[in-house]
Amino acid sequence: MATKGKKDKSWVRIKPNEIEKLVLKFAKQGKSPSVIGMILRDEYGVPDIKKATGKSVTKILEDANFKLQIPEDLRALIRKSLELRKHLEVHKHDAPAKRSLAKTEARIRKMVKYYKKKNKLSQDWKYHPEKIKLLLH
């Protein structure tokens, strides 16, 4: 019986280097790190990639020079702001949506500042809602 603190990986049938190959395969197909994690969990029975390999999905991708242009959490916020802008084009007087857009864009600016400090984004990267549509779609 395994104790809670022990790193028993006997339940994982796939070797760590095979997991890394699968991560790279799915990244080449354009899957995001969270989607890769869900695929490995649901289809391959790997509940935690970091425990199985010692590296996170993003670290595996960085080691293989598969750096994401925009970090996944920032990308999700940008998508949300684009959807809110599209909604506000039709519903101009929707005050809760305007407030939600302002809060989302404040989070985006804060996250961009953080990622620039951590060198995950280039120092000249700027959030322009009109230009960012092309990058995400």
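The values are calculated or read from the model by the stated rules, or taken from the named source; none is laboratory data. Nothing here was measured: the structure is a model prediction, and the numbers come from that model. Virtual Cβ from ideal backbone geometry, glycine too; neighbours counted across all protein chains shown.
The residue of the range 1-29 that is nearest to residue 43 (Cα to Cα), among those that are modelled with pLDDT of 90 or more and either assigned to a loop (DSSP other than H, G, I, E, B) or among the aromatic types (Phe, Trp, Tyr) (or both), is 26. Only one of the numbered conditions (1) in the same structural domain as residue 30 (by TED's automatic domain parsing); (2) free of Cβ contacts under 8 Å to residues at least 12 places away in the same chain is violated by residue 96, and that is (1). With respect to (1) buried (at least 17 other Cβ atoms within 10 Å of the Cβ); (2) within 12 Å of the chain's Cα centre (by Cα), the lone exception for residue 67 is condition (1).
I'd like to check something: does the range 85-93 contain any residue that is at pLDDT 90 or above, among the charged types (D, E, K, R) and assigned to a loop (DSSP other than H, G, I, E, B)?
Looking through the range 85-93, at least one residue is at pLDDT 90 or above, among the charged types (D, E, K, R) and assigned to a loop (DSSP other than H, G, I, E, B).
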